[in-house]
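The values are calculated or read from the model by the stated rules, or taken from the named source; none is laboratory data. Note that the coordinates shown come from a computational prediction; the quantities given were computed from them, not determined experimentally. Quick reminder, even Gly has a Cβ in these numbers, built from the backbone with ideal geometry, and neighbours come from all protein chains shown.
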Amino acid sequence: MYLALKTIKGETHYFIRESYHDGTCLRSRDLFDLGIDPAQYIIYPGGTAFYIDETVDDRLRTLSQNYSVHDLDDIFWCFLKPEIRVALEPYRHLGGTSRRKRTSKEKEENQQHEFHIFDKRRVHYLRFGQIDQERIGRVTPKMFNKLLSKSRDELEQYFIEMERDLDRSEFKAYVYVIFDLQKYFTELIAKSMPHGLNQNKVDQYFLEEICRLNSDSDFWSGMDTEGNLHEYLIRYVIMFFDSEYGRSSFLEDYIRDYINSKRGYVPSRKQSSVTLDEASTIFGLKKDALRKMSRQALTRLYRRMAQKLHPDKGGEKEKFVKLSEAYHELLKSKTS
């Protein structure tokens, strides 16, 4: 059983529905019309206790073979008084709320079930929020278990509920992803910044894709369809054309990463042109003596000569530069 919403003359009406197998495919049927205020069927005897009006319970027991009082509690949960929900939340589904166990036949059918790619893209985005869905074929099948044993109507009601968690700034990107519009573009930004694409073409491909899905008999299996755009697809048209792309963090992240990568940047030192022979001449020592000299001894020698050759002491700039280059070159070979 599941809670279904339907807009009738501008008002939201609530129904308790059930998915069932007619021998060919999964279909859905109404079990109880809750009207516009399901809370009217909740009775509070006192404290934090509540129960559902017997008229609902009696009718469901008559119509549904899979009726469970725990399913009924789940359906009415969001209509409970807020303070009751807060008090009971820690105990929800605790003790004795196990769901009907699946038969071995159902398990086997579920393992062989092929989910529609449109449903998989919706689950993937709602879970990870990624525009690039290249990895969707490599995710664990368990991620799609929520879609099992649901009719097309129940699936759409499930996604309506899940999409409530989307921020309005995500609407357009979400529709762009689930209809796989990026496949029409070769630009690299198609997988990261759809707002940078030619939007007239994006609009055109969206309309083509939504019409294709509207006429997909496999997708709408178990539901009666008409020639017009299905009411469950209308919300995506509204999402797409009544929203703008939210701020993309891709470019900002790219710039930030580039800046951070340069924070520790040190310009490469100019390669010294001083040879060992030249260093020997500059320091006035034989090459073997320079090779055997310790770092400490070399540093003391350099400091004494630097005091004499430094331009501030009257020395020549070119000789001082050569001295420094020779010192740093020799220092590279010293370990102690």
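Listed by position, the helices (runs of 4 or more DSSP H) inside region 35-92 whose residues that are hydroxyl-bearing (Ser, Thr, Tyr) and on the phi < 0 side of the Ramachandran plot number at least 1 are 54-63.
Here region 225-242 is the region considered, the condition is being among the aromatic types (Phe, Trp, Tyr) and within 15 Å of residue 174 (Cα to Cα), and the residue that is farthest from the chain's Cα centre (by Cα) is 241. Looking across region 185-218, the residues that are among the hydroxyl-bearing types (Ser, Thr, Tyr) and either touching a Ser or Thr at 6+ places or on another chain (Cβ under 6 Å) or modelled with pLDDT under 95 (or both) come down to 186, 192, 215, 217. For region 294-336, which positions are within 21 Å of residue 277 (Cβ to Cβ), hydroxyl-bearing (Ser, Thr, Tyr) and surrounded by 12 or more Cβ atoms within 10 Å (Cβ to Cβ)? If the condition is that a residue be within 21 Å of residue 277 (Cβ to Cβ), hydroxyl-bearing (Ser, Thr, Tyr) and surrounded by 12 or more Cβ atoms within 10 Å (Cβ to Cβ), then 302, 324, 327 are the ones that fit. If you go through region 197-215 and keep only what is crowded, with 16+ Cβ neighbours inside 10 Å and either assigned to a helix (DSSP H, G or I) or among the polar types (S, T, N, Q) (or both), you end up with 202, 205, 206, 209, 210, 213, 214.
Each row is one residue, and each column tells you yes or no for (1) closer than 30 Å to residue 158 by Cβ; (2) part of a helix (DSSP H, G or I); (3) modelled with pLDDT of 80 or more; (4) in contact with a strand residue (DSSP E or B) (Cβ under 6 Å, 6 or more places away or on another chain).
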{"position": "235", "(1), (2), (3), (4)": "yes, yes, yes, no"}
{"position": "240", "(1), (2), (3), (4)": "yes, yes, yes, no"}
{"position": "277", "(1), (2), (3), (4)": "no, yes, yes, no"}
{"position": "334", "(1), (2), (3), (4)": "no, no, no, no"}
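For region 74-96, indicate whether the set of residues that are within 30 Å of residue 216 (Cβ to Cβ) and either in the same structural domain as residue 38 (by TED's automatic domain parsing) or at pLDDT below 50 (or both) is non-empty.
If we filter region 74-96 for residues that are within 30 Å of residue 216 (Cβ to Cβ), which is where we start, we get 75.
Of the ones still in play, those that are also either in the same structural domain as residue 38 (by TED's automatic domain parsing) or at pLDDT below 50 (or both) are 75.
Looking for residues that are within 30 Å of residue 216 (Cβ to Cβ) and either in the same structural domain as residue 38 (by TED's automatic domain parsing) or at pLDDT below 50 (or both), one finds at least one in region 74-96, hence yes.
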